[in-house]
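Right, one structure below, let's go through it.
The values are calculated or read from the model by the stated rules, or taken from the named source; none is laboratory data. What you see is a predicted model; the values in this text were computed from it and never measured. Glycine also receives a Cβ, built like all others from the backbone with ideal geometry; neighbour counts cover every protein chain displayed. These area figures cover heavy atoms from the full protein model, side chains too; ligands, DNA and RNA do not enter into them. Shrake-Rupley method; radii C 1.70, N 1.55, O 1.52, S 1.80 Å.
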Amino acid sequence: MAHEVLMPQLGLTMEEGTVSSWIKHEGDAVKAGDVILEITTDKLTNEVVSEFDGTLLKIVAQEGEDIPVKGLLCYIGEPGEAVGGGAAAPAAAPAAAAPAAAAPAAAPTPAAANGARLRISPLARKLAAKLGVDASRVTGTGPSGRIVARDIEAAAAAGTAAPAPAAAPVPAAKPAPKPESGNLQEGDTVVKLVGMRKVVAERMLASHTEIPPVTQNIKVDVTELMAFRKMLLETTGKKYSVNDLILKATAKCLRAHPEMLVSWDGNQIIQRAHVNLGMAVALDAGLIVPVIRDADKMSLDAISDAAKDLATRAKENKLGADEYKGSTFTVSNLGMFGIETFTPIINQPDAAILGVCAIEDELALKDGEVVVRKVMRLSCTLDHRLLDGAVVAKFEMDLRDLLQTPMSILV
């Protein structure tokens, strides 16, 4: 009997995964322990390993398709062995003729027009509600005629909204947006929103729409901090980054300001017990925030090593699922890009995020003399449901004072 390979649940909150690429193909020999495909879950790419020896008989989930947890990915068995039911039909054959006595879902025909059960993926159902598409009027191109996300997107582009007029059938000849539809122009291409970029988009939109944000900027004279960094290099031989010193100072300041470590939870507020610093890391595919746990209890060396290790492994896609969850405050540093000030979006469920900006030369008066000082701005966005401007201002002022007297960072 052929074995079913199902979408694994790689975390307690995982509901679905996206098929990134098939490593094995139909007809390939497979041994237990072989990687057969890669899936994207949340912000990471994971390998799915076979538990069986045999032959990859049928691929059910196509690349780019979103599959719910425990959803069917493929069949593995003996060569020539029959696979179970119509669900094994590949999504690439939506136009195959239906058997004479087939059930309503045996061919990709418009579903539920006659009251039959609508075959639609959970993601497609959610997307249809969001885009106002009448899913019962959509032709499915997924396995056995199941409606998948790409069908809803195509229907939305074709103007199949809900409720649909009875005399306006869905144009079956438009499987994907054409240059003349929507905002597309000749030569444009459409890239499906999947994986990390999709997760970033969803979370940033949720944060922006759910949180009443306020961003407060403060100017910090980091002349002494830069001199302190140089002194550390000369005395220890270790090259600490400016970000290392900021992370250490921020962790220390947060321990003195526990009111900053809160989260919104429906009709209650959670007071966080740990200073878990999220550290935004930019990747080609999007953004990920690995977490330095209990950063207030760590030395500068430990924070520096942890930050470098997490950033390196984030860029190599080698983080574990628990390493980018559980932050209680986030730091986002764009200073290396010359950004003078910005409005960082809060990384939920945190109540605030600190944006670190570029260090610039600025003229100032000292004892009646014009001098050049190194100046940096910090941009702190707060959740105004949980924090007030004055509360965050006191935190920013204390952080500024720490950075302006850098020896106190280590005391």
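On the given criteria, is Lys239 of a type in the set (Lys, Arg), without any contact (Cβ under 8 Å) to a residue 12 or more places away in the chain and open to solvent by 60 Å² or more (accessible area, probe 1.4 Å)?
On the way: of a type in the set (Lys, Arg): yes; without any contact (Cβ under 8 Å) to a residue 12 or more places away in the chain: yes; open to solvent by 60 Å² or more (accessible area, probe 1.4 Å): yes.
For Lys239, the condition - of a type in the set (Lys, Arg), without any contact (Cβ under 8 Å) to a residue 12 or more places away in the chain and open to solvent by 60 Å² or more (accessible area, probe 1.4 Å) - is met.
Going through segment 327-367 one residue at a time, which ones are outside any strand (DSSP E or B) and in contact with a Pro (Cβ under 7 Å, 6 or more places away or on another chain)? Even if it seems obvious, please write down each step before you answer.
Just the residues of segment 327-367 that are outside any strand (DSSP E or B), to begin with: 327-328, 334-351, 367.
Listed by number, the list holds a single entry, Ile346.
Check off (1) assigned to a loop (DSSP other than H, G, I, E, B); (2) in contact with an Asp or Glu (Cβ under 8 Å, 6 or more places away or on another chain) for Leu56 and give me the number that stays unchecked.
Failed condition: (1).
Rundown of residues vs (1) over 19 Å from the mean Cα position of the chain (by Cα); (2) loosely packed, with under 12 Cβ neighbours inside 10 Å; (3) of a type in the set (Ser, Thr, Tyr), yes/no style:
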site: Ala321; (1), (2), (3): no, no, no
site: Ser327; (1), (2), (3): no, no, yes
site: Ser332; (1), (2), (3): no, no, yes
site: Met336; (1), (2), (3): yes, no, no
site: Glu340; (1), (2), (3): yes, no, no
site: Ala352; (1), (2), (3): no, no, no
site: Ala364; (1), (2), (3): yes, no, no
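Go through Leu354, Leu382, Leu402 for me and flag whichever is under 29 Å from Leu287 (Cα atoms), modelled with pLDDT of 95 or more and in contact with a Lys or Arg (Cβ under 7 Å, 6 or more places away or on another chain).
Values: Leu354 fails: in contact with a Lys or Arg (Cβ under 7 Å, 6 or more places away or on another chain); Leu382 fails: in contact with a Lys or Arg (Cβ under 7 Å, 6 or more places away or on another chain).
Only one candidate qualifies: Leu402.
Considering Ala314, Ala282, which residue is hydrophobic (A, V, I, L, M, F, W, C) and open to solvent by 40 Å² or more (accessible area, probe 1.4 Å)? Even if it seems obvious, please write down each step before you answer.
Working: Ala314 fails: open to solvent by 40 Å² or more (accessible area, probe 1.4 Å).
From the options Ala314, Ala282, the qualifying one is Ala282.
Tell me which residues, restricted to segment 366-385, are touching a residue at least 12 places away in the same chain (Cβ under 8 Å) and surrounded by fewer than 21 Cβ atoms within 10 Å (Cβ to Cβ).
Within segment 366-385, the subset touching a residue at least 12 places away in the same chain (Cβ under 8 Å) is 373-385.
Result: Arg373, Lys374, Val375, Arg377, His384, Arg385.
Just a yes or no: is a residue in segment 125-141 modelled with pLDDT under 80 and among the small types (Gly, Ala, Ser)?
Checked segment 125-141: no residue is modelled with pLDDT under 80 and among the small types (Gly, Ala, Ser).
Please return the ranges of strands (runs of 3 or more DSSP E) entirely within segment 188-306 where 2 or more residues are farther than 25 Å from Asp42 by Cα. Walk me through it before giving the result.
Details: elements: 213-221, 262-265, 268-271, 277-279, 281-283, 286-288.
By residue number, 213-221, 268-271.
Output the residue which, of all residues in segment 24-45 that are outside any strand (DSSP E or B), buried (at least 17 other Cβ atoms within 10 Å of the Cβ) and not acidic (Asp, Glu), is farthest from the chain's Cα centre (by Cα).
Selected residue: Lys24.
Quick check on my filter: what residues within segment 200-222 are open to solvent by less than 30 Å² (accessible area, probe 1.4 Å) and either under 28 Å from Arg400 (Cα atoms) or out of contact with any strand residue (DSSP E or B) (no Cβ under 7 Å at 6 or more places or on another chain) (or both)?
We begin by selecting, within segment 200-222, every residue open to solvent by less than 30 Å² (accessible area, probe 1.4 Å); these are 200, 206-207, 211, 218, 220, 222.
Correct list: Ala206, Ser207, Ile211, Ile218, Val220, Val222.
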